[in-house]
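Trainee: Input: one structure, supplied below.
The values are calculated or read from the model by the stated rules, or taken from the named source; none is laboratory data. As the structure is a prediction and not an experimental result, all values here were calculated from the model. Every residue, glycine among them, receives a Cβ derived from its backbone with ideal geometry; neighbour counts consider all protein chains shown.
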Amino acid sequence: MKERFETFTVLINKISRNIRKIKNQEMAEYGLRSTHVSCLYYLYSEQSVTATDLCERCEEDKATISRAIEFLESNGYLVCDAKRYKRPLILTEKGMEAGKRITDKVNRVLEKVGIGLTEEERVAFYRSLSIISRNLESCLA
C-alpha cells in the first residue's frame, strides 16, 4: 500500500509540474501565467465563453478568474463589458493569436504524450483518472 501511495503521488506531482512548465515555457514571451494560458485556450477553442464558464473549465475560483480576465483585458487579449460573468468574453486579434499558439502547442503535446497508447488505453486512462478524482473529492467531504 505504501509503495502504491508513493508511486501515485510522485507520478501525479511530476505530471502536474511538467504541465505547469510547458505552460510557463510557451507563454514566457507573452508574460502570461498558467491561469491566463488556460483562459485563452478555452476562449479560443470554444469561442463563446463567459467568466462563469471559465471558472468551471479551469477549475478555478471566481476571484482567480476575475484577476485573470482583468489582466487579459488590460493587456489587450480580450474585451468584455461590465456584466462579464453573464456575457461571452471576446478575444482581440492579439488574443486570437495567443489562443491559436496555445491550442497548437496543446495539440502537439497531447499527440506526443499519447505515443504508445492505443485509443482504448487512452479512454481507459482518462476514465480511471476521472474516477480517482471523484474519489479523492469524496475524501474531502
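Trainee: Checking Glu97 against (1) closer than 19 Å to Ile22 by Cα; (2) buried (at least 16 other Cβ atoms within 10 Å of the Cβ), which single condition isn't satisfied?
Mentor: (2)
Trainee: Checking the structure you have, find out if any residue of the stretch 101-109 is buried (at least 16 other Cβ atoms within 10 Å of the Cβ) and over 22 Å from Ile15 (Cα atoms).
Mentor: Looking for residues that are buried (at least 16 other Cβ atoms within 10 Å of the Cβ) and over 22 Å from Ile15 (Cα atoms), one finds none in the stretch 101-109, hence no.
Trainee: Could you run through the stretch 58-105 and say how many residues are assigned to a loop (DSSP other than H, G, I, E, B), closer than 19 Å to Glu46 by Cβ and hydrophobic (A, V, I, L, M, F, W, C)?
Mentor: 1
Trainee: Restricting to the stretch 1-37, name every residue that is within 25 Å of Ile69 (Cα to Cα), free of Cβ contacts under 8 Å to residues at least 24 places away in the same chain and among the polar types (S, T, N, Q).
Mentor: Scanning the stretch 1-37 gives Ser16, Asn18, Asn24, Gln25, Ser34.
Trainee: Mind checking which residues of the stretch 43-56 are buried (at least 17 other Cβ atoms within 10 Å of the Cβ) and either under 24 Å from Arg17 (Cα atoms) or touching a residue at least 40 places away in the same chain (Cβ under 8 Å) (or both)?
Mentor: Passing the criteria: Leu43, Tyr44, Val49, Leu54, Cys55.
Trainee: Inspect the stretch 86-109 for any residue being touching a residue at least 40 places away in the same chain (Cβ under 8 Å), within 18 Å of the chain's Cα centre (by Cα) and on the phi > 0 side of the Ramachandran plot and give the result as yes or no.
Mentor: No, the stretch 86-109 contains no residue that is touching a residue at least 40 places away in the same chain (Cβ under 8 Å), within 18 Å of the chain's Cα centre (by Cα) and on the phi > 0 side of the Ramachandran plot.
Trainee: Only one of (1) farther than 17 Å from Asp104 by Cβ; (2) at pLDDT 90 or above; (3) within 13 Å of the chain's Cα centre (by Cα) fails for Thr35. Which number is that?
Mentor: Against the list (1) farther than 17 Å from Asp104 by Cβ; (2) at pLDDT 90 or above; (3) within 13 Å of the chain's Cα centre (by Cα), Thr35 comes up short only on (2).
Trainee: Using the structure shown, decide if Leu40 is surrounded by 12 or more Cβ atoms within 10 Å (Cβ to Cβ), more than 19 Å from Ile15 (Cα to Cα) and of a type in the set (A, V, I, L, M, F, W, C). Working first, answer last.
Mentor: On the way: surrounded by 12 or more Cβ atoms within 10 Å (Cβ to Cβ): yes; more than 19 Å from Ile15 (Cα to Cα): yes; of a type in the set (A, V, I, L, M, F, W, C): yes.
So Leu40 fits the description; yes.
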